[in-house]
Amino acid sequence: MIDIFSYGLMVLGVIFWFWGTLPLLGHRSVLFKLHSLSVADTLGSMSIVVGLLLKIPSEWPLLVLALICLAIWNTVLGYVLAYCSSTGGEDA
């Protein structure tokens with residue numbers, strides 16, 4: 001039962017990855033495209049790591065570290081992109 005749930009989370013993660021790629025084909029702003037891509041990528045990657053955590057519980061320290069790093073990295077990257085877009089590329 002845990003294997004099925006683990007594989008389900010990994011498949012859900014891959015679906016999130018592809019789902020985040022679809023807005024890149026639209027005609028919206030670059031920031032909207034980056035936001036949707038980064039959110040879907042974060043959710044997909046975290047889902048895959050949780051699936052791996054269920055599949056390989058002996059590696060929990062590394063997988064929990066990976067979850068924390070994914071959450072921090074993508075949050076900080078979002079703030080950096082928002083700051084860069086709000087300044088308009090000018091030196092402050």
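We did not get these values from a lab; they are worked out from the coordinates using the rules stated. Note that the structure is a prediction, hence the values are computed from the model and not measured. Cβ: placed from backbone, ideal geometry, glycine included. Neighbour counts: every protein chain shown.
Side notes on the structure shown:
- When the helices of the chain are scored as -39500 (n - 2.57) per DSSP H run of n ≥ 4 and the total is divided over every residue, the value at 222 nm lands at -28500 deg cm²/dmol.
- The ranking of His27, His35 from fewest to most other beta carbons within 10 Å of each one's beta carbon is His27, His35.
- Taking the chain and dividing mean pair separation by its residue count, relative contact order in percent (alpha carbons under 8 Å, at least six apart): 32
- For the chain, the average shadow cast by the Cα convex hull is 6.9 nm², which is a quarter of the hull's surface.
- Cβ-placed point charges (K, R +1; D, E -1), dipole of the chain about Cα centre in debye, nearest 20: 220
- Residue-by-residue Karplus 3J(HN,Hα) for region 36-41, coefficients 6.51, -1.76, 1.60, Hz, glycine and proline x: 5, 5, 5, 5, 5, 5
- Contour excess over end-to-end distance, with Cα ends at Leu24 and Cys69 and 0.36 nm allotted per residue: 13.7 nm
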